Amino acid sequence: MQHTVSPVGIVRSCFKEKFAIPRQPQLAPAARGVLELLPPFDQGDAVEGLEQVSHVWLLFLFHQALEDRPRLKVRPPRLGGNKSMGVFATRATHRPNGIGQSVVRLEGVEPGRLLLSGIDLLDGTPVLDIKPYVPYADSVTEASNLMASEAPEPISVQWSEGALPQAHTHALRLGEPLVELIEQCLAQDPRPAYQVPPPERVYGVKFWDVQVRWHYAQPDVIRVLEVAPE
Ligand code: SAM
């Protein structure tokens, strides 16, 4: 059976590239975005009642990881990127129908727009459906996952003298919690697990409209070097 789906909305996100997006939602509460609903769902009727809900499930398309040939095994970054697992045992982006799911915080409901935080979604992500989180059914107290039993241990994020004032300035301009966003995302240690970067290697990523540059002062200590407009 084949069935065509079409997006109900598009996410406008703080994340402009895949690198340094947390690997799951909720890991960076300062990661914010807006879900812009598409017609006919951009009318108030479609979101009536949603103001009673703190979190929603988003079902979305990994639109920048779509592939023609399905993979049976993937190498999840969580396992160091060098061990393969059955695709259905992981939350990898490369999957049969390219569908992702995330529980995110609903900060506000407006006709045609949902304000979100705690997202792990790239800018431009097409959303296929939105469902309210139902605590009694969706939170399974005895659940276990031996591959990912705990959130990854955050690493230390320090600021160079010039970078913190830069981040505060851009946070004020954007009206966004940029300092927290940088700290929370970099604490997830975005580098591929197999890389042991020398201190002179500089990494960079775009959050909102600013470029953030950092290096590894020690293997598990990130030092933010610069927060500058692109
Ligand atoms: N929570 C979702 C899930 O379990 O289905 C996503 C998990 S996936 C491991 C998270 C990664 O997906 C992020 O780190 C980001 O790099 C990537 N990602 C987010 N949005 C994407 C998109 N629209 N297309 C491709 N990759 C995306």
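Name the residues in the range 161-176 that are surrounded by fewer than 16 Cβ atoms within 10 Å (Cβ to Cβ) and of a type in the set (S, T, N, Q), would you? Hit for the range 161-176 is THR169, nothing else.
Residues that are closer than 15 Å to TRP57 by Cα, among the hydrophobic types (A, V, I, L, M, F, W, C), within 14 Å of the ligand (Cβ to nearest atom) and surrounded by 15 or more Cβ atoms within 10 Å (Cβ to Cβ) within the range 92-146 comprise VAL103, VAL104, LEU116, ILE119, LEU121, VAL127, LEU128, listed in sequence order. Looking at the range 90-119, I want the residues that are of a type in the set (Val, Ile, Thr) and have a partner that is more than 16 Å from the ligand (Cβ to nearest atom) with Cβ atoms under 8 Å, at least 6 apart or on another chain. Which pairs are those? So the pair list comes out as VAL109/VAL47; VAL109/LEU50; VAL109/GLU51; VAL109/LEU115.
Beta carbons closer than 8 Å, at least 6 apart along the sequence or on distinct chains, pair a first residue in the range 195-210 that is closer than 19 Å to GLU183 by Cα with a second that is acidic (Asp, Glu) and at pLDDT below 95 for LYS206/GLU230; ASP209/GLU230; VAL210/GLU230.
Looking at the range 46-75, which of its residues are within 13 Å of the ligand (Cβ to nearest atom), part of a loop (DSSP other than H, G, I, E, B) and in contact (Cβ under 8 Å) with a residue 24 or more places away in the chain? Result: PHE62, HIS63, GLN64, ALA65, LEU66, GLU67.
Within the range 76-92, work out how many residues are assigned to a loop (DSSP other than H, G, I, E, B) and out of contact with any strand residue (DSSP E or B) (no Cβ under 7 Å at 6 or more places or on another chain).
Residues meeting the conditions: 5.
Find the residue count for the range 1-40, including only residues that are away from the ligand (no atom under 16 Å from the Cβ), in a loop (DSSP other than H, G, I, E, B) and buried (at least 18 other Cβ atoms within 10 Å of the Cβ). The total comes to 0.
The values are calculated or read from the model by the stated rules, or taken from the named source; none is laboratory data. If you're wondering where the values come from, they're calculated on a predicted model, not measured in any experiment. Neighbour counts are summed over all protein chains in view; Cβ atoms, including those assigned to glycine, are modelled from backbone coordinates with ideal geometry.
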